[in-house]
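Below: the structure, in structure tokens.
The values are calculated or read from the model by the stated rules, or taken from the named source; none is laboratory data. Since we're looking at a predicted model, the values are computed, not measured. With ideal geometry, Cβ positions are generated from the backbone for all residues, glycine too; neighbour counts draw on all protein chains shown. The accessibility values were calculated without ligands, DNA or RNA, using every heavy atom of the protein model including side chains. Shrake-Rupley method; radii C 1.70, N 1.55, O 1.52, S 1.80 Å.
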Amino acid sequence: MALIALRQLLDHAAEHGYGVPAFNVNNMEQIHAIMQAAEATDSPVILQASAGARKYAGEPFLRKLVEAAIEQHPQLPVCLHQDHGASPAVCLQAMRSGFSSVMMDGSLREDQKTPASYAYNVEVTRRVVDMAHAIGVSVEGELGCLGSLETGTAGEEDGVGAAGTLDRAMLLTDPEQAADFVARTGVDALAIAIGTSHGAYKFSRAPDGAILAIDRIASIHARIPDTHLVMHGSSSVPQEWLAVIREHGGAIRPTWGVPVEEIVRGIASGVRKVNIDTDIRLAMTGAMRRAMADRPDEFDPRAFMKAATAAARGICVARFEAFGCAGRASRIRPLPLAALATRDAAGGAGLQRAA
Ligand code: G3H
Ligand code: 13P
Ligand code: ZN
């Protein structure tokens, strides 16, 4: 099994200056699409499951699907990551079920709606790091709240995100506080707030530096060069897929995402993990709507699912290539998680720094 810890994968990405897309998965077709794209481009993979995904598919189904993917593609390193863990208990459950990486999102309280205090964030994240590092599992934390610098609000459509209005200081991660947070928690990766938000409605116009603070990445990276930076809400919201959806009965309002070239600038400044969910959703929805319109006599859902899988695969290939991930998988030798466990827990053999 080529399961890889996030830390090992992102260390490789940092050493060689590329970024890894982390795709959200909910079902077999999305996992097929991502694995096929990774195989075609020789890319390492991060598959991540949100609370919503676990509720939709059921955690055992998701885990078994990922196990099957690893079995079918033994040459590809696959990191199985839990997205937006709401509490240490949720993270512990993911570790028990075999995830090689967890996100403790302590930027929000356990309801994942109420912005949390800094002290709370440090406390819960530190607890997760202590448990995870003892068994070689990696941890992503989050500092700052995802949300729009245009409106001061967080996107609510995907069930994750702060409610109400946020001030600018909460919407932009502070480099000094990031350094303190990493020193206190020992996280491997840090999700930062720079004006991106989840879902399709990120920006009401093509974003510029006033509403998408890509420049902030370099200043955060300068303070914490050994911590891998993570961009959430990084779908590009392809205008061509919006057009396909609209042409076939969909009603998506005018909207813009994070341009791929801005993500590439982010990677050049220190971003190593790039979270993408919405782009796959848009491509699959567009492809299914089109396939149904083109073939009104078709009643086998596999026909529509195949079109959706191909569309998702196209998004994944494009992101693997744009982020410099293509051609890297065959150069990585995944270490067993036990080899990454902290020194105390592993009896001196660990590679991971004890914080
Ligand atoms: O974390 C954000 C992802 O887009 C997950 O969305 O909660 O609808 O699965 P979801
Ligand atoms: P998008 O909604 O932009 O795809 O972001 C997904 C994400 O950040 C998952 O954690
Ligand atoms: Zn996210």
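Details
- Any hit, region 80-95, residues being among the charged types (D, E, K, R) and either more than 24 Å from M284 (Cα to Cα) or surrounded by fewer than 18 Cβ atoms within 10 Å (Cβ to Cβ) (or both): no
- Residue-level check: of (1) surrounded by 24 or more Cβ atoms within 10 Å (Cβ to Cβ); (2) more than 18 Å from the chain's Cα centre (by Cα); (3) within 20 Å of N275 (Cβ to Cβ), K113 misses just (1).
- Every listed requirement among (1) within 13 Å of ligand 3 (Cβ to nearest atom); (2) modelled with pLDDT under 95; (3) within 22 Å of Q177 (Cβ to Cβ); (4) small (G, A, S) is met by G155 save one, (3).
- Looking at G85, G141, just one residue is closer than 21 Å to D167 by Cα and either free of Cβ contacts under 8 Å to residues at least 24 places away in the same chain or of a type in the set (G, A, S) (or both), and that residue is G141.
- Only one of A169, A132, A183 that is outside any loop (DSSP other than H, G, I, E, B), touching a residue at least 60 places away in the same chain (Cβ under 8 Å), out of contact with any Asp or Glu (no Cβ under 8 Å at 6 or more places or on another chain) and at negative phi: A183
- For A33, the conditions (1) open to solvent by less than 10 Å² (accessible area, probe 1.4 Å); (2) in contact with a strand residue (DSSP E or B) (Cβ under 7 Å, 6 or more places away or on another chain); (3) within 16 Å of ligand 2 (Cβ to nearest atom) are fulfilled apart from (2).
- Number of residues in region 192-211 that are of a type in the set (A, V, I, L, M, F, W, C) and either without any contact (Cβ under 8 Å) to a residue 40 or more places away in the chain or surrounded by 24 or more Cβ atoms within 10 Å (Cβ to Cβ) (or both) equals 3.
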